[in-house]
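So the structure is just underneath, and the comments pick up after that.
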Amino acid sequence: MRKVIEYYQRLSQAFGPSGREDAVREVLGDMAGEFCDDISTDALGNLICRKRGPGKKVAAAAHMDSIGVVVTYIDEKGFLRFSAVGGLFRGDLINIQVRFENGTCGVISYEEKTPFKELTLDHLFIDIGAGSREAAEKKVQVGDFAVFHAPIFEQGGILCGPYLDNRIGCTALLLAMESLPEAVENDLYFVFTVQEEVGLRGAGAAAFGIQPDYAIAVDVTDTGDLPEHKYPMACHMGAGAAIKVMDRSVICTPEVRDALERSAKSLGLQTQREILQFGGTDTAALQKTGAGIRAGAISIPTRYLHSPSEMCAASDVEAAAAILAHTMQSL
Ligand code: CO
Ligand code: ZN
């Protein structure tokens, strides 16, 4: 099996909504341990893996948290109301399955009396099959988090499943670490950040602690290759890793962007340029840390973002890992 598929399968199953990343951090620590010299976890929960070298400090970052839901209220019939953890779209949530940390599963459904067009998250609820509040509370408490419970598949090099955002970015970091030679030129940090999905809350603290000369984030991005797409976007699944120019939160440092494109060229890899018209990434938090850090990003073109069925090409992830490893050593 291709390593990218194997790693994603393992990481996608770990529970890790924003702020509750313990389980995914444990899995990542196990997987990254053999590829680096030392591993630490900071106060926010960012996992920092270092491979020592004599040169510049270069940090790569991928967020390990995922979007999810948190229970806000349990009614007398045992139905759960919830609030979003990160960006959720009601269209992705109708009659899908979710899973709590203790293994309890449920279905998100909606108040049928509300016209479909008017539905908001407030009209949705989670059904865990409990007949009463008392029965529900034996399984789930207010304040408990849940994540998508969805199958994954691989078909002809295409991966589909929950939380490619951003376990696939974590996968790219692992693949890059694994590909490094025994002795490296630069002082390399691979950071798995927390709480990206609720507003880039972890990456800045990690970067403040490391104070790297350069930082490169790896995350997913939208694609413009679907039928009747909402706006034109020059970023297609399977057409290579995307080098970020900008999004709503950041304009990438030209020096880093150029270095990424040069690395790709020297590796004979085709890239695409990414301009994302909404959303933000850890790149912004990294760039604004301390007195400022030169920062760029590599993105994996991914369809159906933030749904339980995100889709990307394995080849784009492998290319991102190769470009990342090369750039971290050549900066
Ligand atoms: Co996201
Ligand atoms: Zn992301």
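The values are calculated or read from the model by the stated rules, or taken from the named source; none is laboratory data. All figures in this text were calculated on a predicted structure; none of them were measured in a lab. Here the Cβ positions follow ideal geometry from the backbone for every residue, glycine too, while neighbour counts run over all protein chains shown.
Look through Val220, Val140, Val191, Val147 and report the one residue that is within 16 Å of ligand 2 (Cβ to nearest atom), under 30 Å from Ile74 (Cβ atoms) and at pLDDT 95 or above.
Val147
Within 16 Å of ligand 1 (Cβ to nearest atom), of a type in the set (Gly, Ala, Ser) and not in a strand (DSSP E or B), is that true of Gly268?
Answer is no for this residue.
Only strands (runs of 3 or more DSSP E) wholly contained in the range 115-223 count here; list those with 3 or more residues that are under 26 Å from Glu318 (Cβ atoms).
Because the criterion is at least 3 residues that are under 26 Å from Glu318 (Cβ atoms), the strands (runs of 3 or more DSSP E) in the range 115-223 that meet it are 153-155, 158-161, 187-193, 214-221.
On the given criteria, is Ile168 out of contact with any His (no Cβ under 7 Å at 6 or more places or on another chain), modelled with pLDDT of 95 or more and within 27 Å of Ala321 (Cα to Cα)?
yes
Taking the residues in the range 106-120 that are in contact (Cβ under 8 Å) with a residue 12 or more places away in the chain and in contact with a helix residue (DSSP H, G or I) (Cβ under 6 Å, 6 or more places away or on another chain) as candidates, determine which candidate is nearest to Phe82 (Cα to Cα).
Applying the filter and picking the extreme gives Tyr110.
Do we have any residue at all in the range 249-268 that's surrounded by fewer than 15 Cβ atoms within 10 Å (Cβ to Cβ) and either of a type in the set (Gly, Ala, Ser) or in contact with a Gly (Cβ under 7 Å, 6 or more places away or on another chain) (or both)?
yes
I'm trying to understand the selection: among the residues of the range 274-303, which are more than 12 Å from ligand 1 (Cβ to nearest atom), part of a loop (DSSP other than H, G, I, E, B) and either under 18 Å from Gly68 (Cα atoms) or polar (S, T, N, Q) (or both)?
The answer is Gln277, Thr289.
Could you list, in sequence order, the residues of the range 51-107 that are of a type in the set (A, V, I, L, M), away from ligand 1 (no atom under 16 Å from the Cβ) and within 30 Å of Ser40 (Cβ to Cβ)?
Val58, Ala59, Ala60, Val70
Please give the number of the condition Gly202 fails out of (1) touching a residue at least 60 places away in the same chain (Cβ under 8 Å); (2) closer than 25 Å to Gly55 by Cα; (3) of a type outside the set (A, V, I, L, M).
Every condition holds for Gly202 apart from (2).
Need the failing condition index for Val218 against (1) without any contact (Cβ under 8 Å) to a residue 24 or more places away in the chain; (2) within 16 Å of ligand 1 (Cβ to nearest atom), just the number.
Here Val218 clears every test but (1).
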